[in-house]
1. What does the accessible area of SER23 come to, in Å² to the nearest 10, when a probe of 1.4 Å is used?
2. What is the angle, in °, between the Cα long axis of helix 10-22 and the longest principal axis of the Cα atoms in the chain? Nearest 10 is fine, range 0 to 90.
3. Strictly over 22 Å apart at the Cα level, which of LYS29/LYS264; LYS187/LYS291; LYS133/LYS264 would you flag in this model?
4. Angle between the Cα long axis of helix 120-131 and the longest principal axis of the chain, 0 to 90 degrees, nearest 10?
5. Using a 1.4 angstrom probe with every protein chain in place, what is the largest-first accessible-area order of SER219, SER280?
6. How far is helix 190-201 tilted, in degrees, relative to the longest principal axis of the Cα atoms in the chain, given as a value from 0 to 90 rounded to the nearest 10?
7. Give, as a single signed number, the net charge of other residues whose beta carbon lies under 15 Å from the beta carbon of MET205, with Lys and Arg counted +1 and Asp and Glu -1.
8. Which value, in Å³ per residue, describes the convex hull spanned by the Cα atoms of the stretch 162-225?
Amino acid sequence: MARRSHKPDLEAILDDIADRMASESERGKVADYIPELAKANLNRFGIAVVPIGGAPVVAGDADEPFSVQSIVKVFTLTLALERVGSGIWARVGREPSGDPFNSIVQLEYEHGIPRNPFINPGAIVVADIILGKREPQAAIEEFVSLCRRFACDESIGIDADVAASEIATGARNRALAHFMAAEGNLKNPVEDVLELYFNQCAVAMSCRQLAMSARFLASAGRLEGDDDPIITAERARRIVALMVTCGLYDASGEFAFRVGIPAKSGVGGGILGVVPGRASIAAWCPGLDEKGNSLLAARAFEELARATGWSIFGVL
Ligand code: GLU
């Protein structure tokens, strides 16, 4: 394994991590509650790092698109904050849930106010905010354009089979949404909000595209060369803070302990990470652990943090 230095040799580090992950026999289990995701190949592994001001460094299957799922919640929160500013916090909290991402019981005893924007009910409220008074299709198209702009890549789109699969099977998300509607925390019809939410989750990106799309969070809300920031530095910092506390479901504390890189995972097997002032990172392997986080993508982050010293909590 390459050793940590002030300027890490990212190419050697990522090649080394990809080689190691390719030979792992324990690879977790694919998410099968969304039938289309169960088709993913457990043998895939990709990783990409975009250093601030630099070109992407990649290894493994870094150019293969996968379903980003909950990772997209980082970008939907960005958009909602731009849309309504801090008003969003009247409708969704900022605390880790300590419960599974689709828990119904917590939502009930907290009167329809989700704990944070990165669990499903929180992201459904965020989708309601983004939808505003428009038709779902217009909001979906706007969101895809936003992803393309963030990643500087016009080829990004929605995997229609994944979206359809989740629309057909999303009973639990429907339960969460109807409960919030009953508590007055959704303004639009449940099915319109869910159409937007499911399509957002079904955006497909590769590790390279995902790491590119989070550059603005690593550089205080701004993309190099752009006159206008994507988001203010203060909001970028707050989104990154939520990634630390809430980004890996009810294993966020464990990930901070083991890795120390602000991150957001999705049940498609991706993990997106942000090291403020240094780099954005994406790793992917479809096999999940029992909390819903990619087993090998999490391990790759751990090895990367060790090799680079990029933990935000101090050099390892
Ligand atoms: N679309 C998925 C769901 O709502 C997202 C879950 C996830 O990636 O955490 O269940």
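1. Looks like 90 Å² after rounding.
2. Long axis of 10-22 versus the principal axis of the chain: about 70 degrees.
3. From the list (LYS29/LYS264; LYS187/LYS291; LYS133/LYS264), the Cα-Cα distance tops 22 Å for LYS187/LYS291; LYS133/LYS264.
4. Approximately 70 degrees, to the nearest ten.
5. Listed by decreasing accessible area, they come as SER219, SER280.
6. Around 10 degrees separate the two axes.
7. Within the 15 Å Cβ shell, the charges total +1.
8. In the stretch 162-225, the Cα hull volume divided by residue count equals 134 Å³.
The values are calculated or read from the model by the stated rules, or taken from the named source; none is laboratory data. Because the structure is a prediction, the values reported are computed rather than measured. FYI the Cβ positions are ideal-geometry reconstructions off the backbone, even for glycines, and counts take in every protein chain you see. To get the accessible areas, we keep the full protein, side chains included, count just its heavy atoms, and leave off ligands, DNA and RNA. Shrake-Rupley method; radii C 1.70, N 1.55, O 1.52, S 1.80 Å.
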